[in-house]
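The values are calculated or read from the model by the stated rules, or taken from the named source; none is laboratory data. These figures come from a predicted structure and were not determined experimentally. We place every Cβ from the backbone using ideal geometry, glycine too, and count neighbours over all the protein chains shown.
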Amino acid sequence: MSKDYYKLLGVERKATKDDIKKAFRKLAHQYHPDKKEGDEKKFKEINEAYTVLSDDKKRSEYDMYGQTFAGGAGPGAGPFGQGFGGFSAGGGPASGWDFSGFQQGFEGAEFDLGDIFGDMFGGGMGRQKRGRDISADIHVSFEESIFGIERKLLITKLSVCGVCDGSGAKKGTAMKTCATCGGKGKIHDTKRTFMGIFSTVRPCAECHGVGKMPEHKCAECHGAGVLRGQSEVRIMVPSGIESGEVIRIAGKGEAVSGGTTGDLYIKVHVMPHKVFRREGANLLMDLDIKLSDALLGADYTIPTLEGKTEQISIPEGTTHGEILHIKRHGVPIHGGHRGDLLVRIAIKFPKKLSKHARETIQKLKEEGM
């Protein structure tokens, strides 16, 4: 069974170091083997408890796991031979985890941690190597973001060697089995720990996990199969893209010897427009008009995003902030449709009035308008 060190020293679990030290001194004096009523077994248990609880790291581990590997089998034997018995609600070493017999259960067993964790988390040594994903930023004009554009970008990255096609071998020469890993592409390391014997697996650094080596290395990449340099990438910026959106281009990231190429992520930054703003699938612009045109109505010529012009009629009695719609002059959307161009009216009020204008407005005021 697991020992309760706090109970042995007669202190609470929240006891300070000073409390633990005082309790130990008192009990050590009481049970010292040289004393007439001493108890050597009890003294050793007290000393063991003090050794653990007076050390911050040991105490933290003890509080978390209890007295582990104490020996003896529990009733709840698990898959490793000996049990995890002694667990119950309430916490504390006496009622917490008891790993008694855990070490005996592992002794003599060999576990491939690469395979164990690979199976648990969907990866492991069986998974094909993959090059690094990379990212870049591009800036596009407002018009380009609305209608889309094709861009070419120069990116410095690791790419497959064009001379040896990624094999790392000189043209016309053969590949040989890697002497370091024996053609397996991975290295097994076995270590003996307090939990038993463990075997870990890592990719072979010599052949990069391929299992084969070139008899004669490629002079261009020196056997690496990949080279760092500038590569031109064509980017299709879709119509209607918004600032901050990211375009993923599969297989255009960095290459890796004996594996697949990573992906390229392009973050798009849209430059602002001096006239138009975007609101979903619609475009918004402000149009300044005279007060007389708002009252009596008028026709105005406005620009469009395509660089053309359109005529818009201002109805009589148009109010400040009113929005007029021009259909299908907004952002292209699915199915060949487009949003609308929204024209927000801003009435420009005169700062000074002529004598005649003042008299006219006064008459309108008198008439209740």
**Study point:** Subset of the stretch 140-156 [assigned to a strand (DSSP E or B) and either over 18 Å from Gln230 (Cβ atoms) or modelled with pLDDT of 95 or more (or both)]
**Key:** Val140, Ile149, Glu150
Practice item. Might you let me know whether the stretch 139-153 holds any residue that is surrounded by 17 or more Cβ atoms within 10 Å (Cβ to Cβ) and small (Gly, Ala, Ser)? Key: yes
**Study point:** Check on Lys348, in contact with a strand residue (DSSP E or B) (Cβ under 7 Å, 6 or more places away or on another chain), over 30 Å from Ile249 (Cβ atoms), outside the structural domain of Glu144 (by TED's automatic domain parsing) and of a type in the set (D, E, K, R)
**Key:** yes
Practice item. Give me the pairs, please: first residue somewhere in the stretch 1-29 and under 17 Å from Thr51 (Cβ atoms), second residue anywhere and outside any helix (DSSP H, G or I) and of a type in the set (S, T, N, Q), beta-carbon distance under 8 Å, and either six or more positions apart or on two chains. Key: Ser2/Gln67; Ser2/Ser100; Lys3/Gln67; Tyr5/Gln67; Lys17/Ser54; Ile20/Ser54; Lys21/Ser54; Phe24/Ser54
Check your understanding: What are the residues in the stretch 164-181 that are in contact with a strand residue (DSSP E or B) (Cβ under 9 Å, 6 or more places away or on another chain) and outside any strand (DSSP E or B), if any?
Key -> Cys164, Gly166, Ser167, Gly168, Lys170, Thr173, Ala174, Cys178, Ala179, Thr180, Cys181
Check your understanding: In the stretch 250-270, what residues are more than 18 Å from the chain's Cα centre (by Cα), assigned to a strand (DSSP E or B) and surrounded by fewer than 19 Cβ atoms within 10 Å (Cβ to Cβ)?
Key -> Thr260, His269
Point to revise | Unmet requirement for Arg202, which otherwise passes all of (1) over 28 Å from Ile155 (Cβ atoms); (2) outside any strand (DSSP E or B); (3) not hydrophobic (A, V, I, L, M, F, W, C) | key: (2)
**Study point:** Count - residues of the stretch 326-369 that are in contact with a Lys or Arg (Cβ under 8 Å, 6 or more places away or on another chain), touching a residue at least 60 places away in the same chain (Cβ under 8 Å) and more than 21 Å from Asp288 (Cα to Cα)
**Key:** 2
Practice item. Identify the residue in the stretch 308-322 that is within 13 Å of Ile289 (Cα to Cα) and free of Cβ contacts under 8 Å to residues at least 24 places away in the same chain and, among all such residues, is surrounded by the most Cβ atoms within 10 Å (Cβ to Cβ). Key: Glu322
Check your understanding: Looking only at strands (runs of 3 or more DSSP E) that fall completely inside the stretch 271-342, which ones have 2 or more residues that are more than 30 Å from Thr360 (Cβ to Cβ) and charged (D, E, K, R)?
Key -> 277-279
Check your understanding: What residue, among those in the stretch 190-242 that are of a type in the set (S, T, N, Q) and touching an Asp or Glu at 6+ places or on another chain (Cβ under 6 Å), is nearest to Gly148 (Cα to Cα)?
Key -> Thr200
Review point. Which residues, counting only those in the stretch 326-347, are surrounded by fewer than 17 Cβ atoms within 10 Å (Cβ to Cβ) and modelled with pLDDT under 95?
Key: Lys327, Arg328, Ile333, His334, Gly335, Gly336, His337
